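S.K.: My questions all concern the structure below.
The values are calculated or read from the model by the stated rules, or taken from the named source; none is laboratory data. A quick note: this is a predicted structure, and the numbers were derived from the prediction, not measured. Note that each Cβ is placed from the backbone with ideal geometry, even for glycine, and that neighbours are counted across all protein chains shown.
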Amino acid sequence: MLLGATFPHLVSAVIAFVPGAVVHGAQGAGDPARGGWQGTTWTRGGVPLTHLWQDNQAVHWHPWAGDTPPSRHHSVFFEGLKDKALVEQARIPVENITGPVLLISGRDDRAWPSSLYSRMVVSSLHRAGHPGLVRHLDFDDAGHAINLPIVPSTQLSREHPVSKVPYTNGGTPSGNARANEGSWKGMLAFLDEVTGSSSQK
């Protein structure tokens, strides 16, 4: 989403799996020496981009703090969105995207609210009169780890590869499997439609 909005002349189409509608910081994966939760993740021309955790006035707790690993740390994102002024600064300007857009999300995403974020993006594109195709595939019982249909869908909880904090992606094994297959077929259909090819035939 961010690349398509920042460099529309270089990106002919956007396919976003479990996307965000705003710029996020490094979360718990951030290097404590570089600011941790509020640390910079994205820069442009060496200048840090404003992100949702940057002095957020609505968030007063850390989703990975405490002794028991949380199962729904996506809740902190809903809290973060209450800081309207910061959200406006951190919002990805999707109206700059010039090509077709496909959004793929899970309604039980427990990493962050990709279903809500996708709806926010669709709304912004429609308000801006986006000229290209905009499609949103939103899957029931699917979490954050929507992937290729050949990838196992049974790993619901895992350890973050950087922060080493346990967390859950959400969804159910069957729901994630349906989303894996449905998103793959939906992506091929989208590409066929916007390119005029016939990759599924």
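S.K.: Within segment 91-113, how many residues are buried (at least 20 other Cβ atoms within 10 Å of the Cβ) and touching a Gly at 6+ places or on another chain (Cβ under 6 Å)?
M.R.: Number satisfying all stated conditions: 6.
S.K.: Shifting gears a bit: Any residue at all in segment 140-151 that's more than 17 Å from L2 (Cβ to Cβ), in contact with a Pro (Cβ under 9 Å, 6 or more places away or on another chain) and either exposed (fewer than 14 other Cβ atoms within 10 Å of the Cβ) or among the β-branched types (V, I, T) (or both)?
M.R.: No, segment 140-151 contains no residue that is more than 17 Å from L2 (Cβ to Cβ), in contact with a Pro (Cβ under 9 Å, 6 or more places away or on another chain) and either exposed (fewer than 14 other Cβ atoms within 10 Å of the Cβ) or among the β-branched types (V, I, T) (or both).
S.K.: Tally up the residues in segment 146-172 that are under 24 Å from L188 (Cα atoms) and in a strand (DSSP E or B), please.
M.R.: 1
S.K.: Got a sec? Which of S174, S118 is of a type in the set (S, T, Y), in contact (Cβ under 8 Å) with a residue 24 or more places away in the chain and crowded, with 17+ Cβ neighbours inside 10 Å?
M.R.: Residue meeting the stated conditions: S118.
S.K.: Output yes when any residue across segment 43-66 is among the acidic types (D, E) and either on the phi < 0 side of the Ramachandran plot or surrounded by 18 or more Cβ atoms within 10 Å (Cβ to Cβ) (or both), and no when none is.
M.R.: no
S.K.: Consider D109 against the criteria (1) in contact with a His (Cβ under 7 Å, 6 or more places away or on another chain); (2) at pLDDT below 90; (3) among the charged types (D, E, K, R): it satisfies all of them except one. Which criterion is unmet?
M.R.: Every condition holds for D109 apart from (2).
S.K.: Follow-up question, since we're still on this one. Return the total of residues in segment 81-122 being touching a helix residue (DSSP H, G or I) at 6+ places or on another chain (Cβ under 7 Å), within 18 Å of H24 (Cα to Cα) and β-branched (V, I, T).
M.R.: Number satisfying all stated conditions: 3.
S.K.: Does V47 satisfy the criteria of being under 18 Å from the mean Cα position of the chain (by Cα) and modelled with pLDDT of 90 or more?
M.R.: Judged against the criteria, V47 is not a match.
S.K.: Of the residues L125, L86, L116, L102, which is in a helix (DSSP H, G or I) and under 20 Å from H9 (Cα atoms)?
M.R.: L125
S.K.: Evaluate segment 28-41: report whether one residue or more is buried (at least 20 other Cβ atoms within 10 Å of the Cβ), at pLDDT below 90 and either within 15 Å of R135 (Cα to Cα) or out of contact with any Asp or Glu (no Cβ under 9 Å at 6 or more places or on another chain) (or both).
M.R.: yes
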